[in-house]
1. How tilted is helix 388-399 with respect to the longest principal axis of the chain? Cα atoms for both, answer in degrees (0 to 90, nearest 10).
2. At a threshold of 8 angstrom on Cα-Cα distance, excluding pairs fewer than six apart, so keeping six or more, what relative contact order does the range 150-304 reach in percent?
3. Above 16 Å lies some portion of the pair distances; for the range 274-365, what is it as a whole percent of all C-alpha pairs?
4. Once the Cα atoms of helix 346-358 and of the chain are each reduced to a long axis, what angle between those two axes, in degrees from 0 to 90 to the nearest 10, is obtained?
5. Once each part is reduced to its C-alpha centroid, what is the distance from the range 72-101 to the range 442-467 in angstrom?
6. Per 10 Å bin from zero, what fraction in whole % of the C-alpha pairs of the range 263-417 is there, up to the bin with the longest pair?
7. Once the Cα atoms of the chain are picked out, what are the Rg and Dmax in Å?
8. If I take every Cα pair under 8 Å that is 6 or more residues apart in the chain, average their sequence separation and divide by the length, what percent do I get for the relative contact order?
Ligand code: GLC
Ligand code: CA
């Protein structure tokens, strides 16, 4: 097994807007992050993935960049950035930047030029097409509702935007665009950053001719996926990026790969290292999705989740590398999705979910607040919602009569991205200690009982459990490099597996229900004395028990 620091690391994602506000304007910022470096060091994480901090008009909270080499004014200055980077490094923490290059903001200088005229030198930086009989060039829908095309009067043509209208897609077929991106990446690498998380990188190469997508009955738009995700040249472009930039530095690289299959992931994250270190796949997040995309309140049956995780654990073994995540800034809180956020079971089930994930093979990602057991948010009505995806979808779904307002709002409360974006709960003072001003998005009212201050000092808190899990990864090679074997695949309550490295074995068992359930230990553990590595219940015997209590998680070692 090829040892690498990024395989042995735990990454912590910061969504800067919601992390910590240093100057009372209600918006998290770089100095706020610097002020929490001791906290992150105490947690023990190795790497920060910083969601975008570049200059942006914030149509999509920084995922619409108008200058890649400037800092968003609300977040501070380049000097603040440099200080944060230095402080992170002084604390032994690396910084991974979010790289958003499938699209820019429409306020980026490249696009301002591009839209001016058909013969502007930057015209081909973006994807422009003539309309078809007064309609959009094809039937693709954007990920944020409506058509993926926007008519532009100046030249009587349409531009492609797979996300919001203010996020025009870059034309990666143009070698000048690729060189501009590589030059910008090199500039950040020279500054001393430690890697890139690449936003929707699987979508940068579009199929020749941009064909119409299949459109089911009652559907508003055609399905772009086969023509946009894992497109014809994506691996070529990433190999070029790797040769020209990535391979020249010591980086952690992770590609956000919408629509990625196991076979595709083996290319993106191949162990020869010709593209990226690892990808974010979505199959486990999309299990509850249906005809109306993510907008449902369906619950995921545990066997389906296990099947997917098993497929990725065993499928990439020895040929590529996994990322591991339950949460990020685009997902509701996993604790409210697959765990139990009631007062009685919140902490137990948060620790149980963490155990399942952190004992697998791959690089684990912790999303801010996950280490505190933060939950989904009791939004009161659409006025509390800030996210462009939810706001657009609410309008589209209710106007088309697909859902009534009450139903759609219920789905947004369950699945909307704002669940992850309310401020980190630092203490029980006003606004959870996030800001002295008015926060840009509501604070989850449960901050009085769920907050960092209370948890850091309490030995059995969710925070201290994460701390222990992270520390274990640094001391137990089997957690990083061991092979994975799923047990009890069809069981509806228990997620159990083993990890094996040379003579060392782990037996991990997690109960996803509030009942006491039976569990079968593998033969070499059943009734045998073993070492207890971690558990979310204080009392344990010296051999694996035949039952698991509500939301119990145990890890045994031999
Ligand atoms: C990615 C980001 C998401 C953003 C989208 C468009 O999926 O994670 O937050 O809205 O790309 O940039
Ligand atoms: Ca601020």
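None of the figures in this text is laboratory data; all of them are computed from the coordinates on show. Bear in mind that the values here come from a model prediction, so they are computed numbers and not experimental data.
1. Helix 388-399 sits at roughly 80 degrees to that axis.
2. The value is 17 percent.
3. Details: 2472 of 4186 pairs.
Taking all Cα-Cα pairs of the range 274-365, the fraction more than 16 Å apart is 59 percent.
4. Helix 346-358 sits roughly 80 degrees off the main axis of the chain.
5. 25 Å
6. 10, 34, 32, 19, 4, 0
7. My reading of the Cα-based Rg and Dmax gives 23.4, 77 Å.
8. 13 percent
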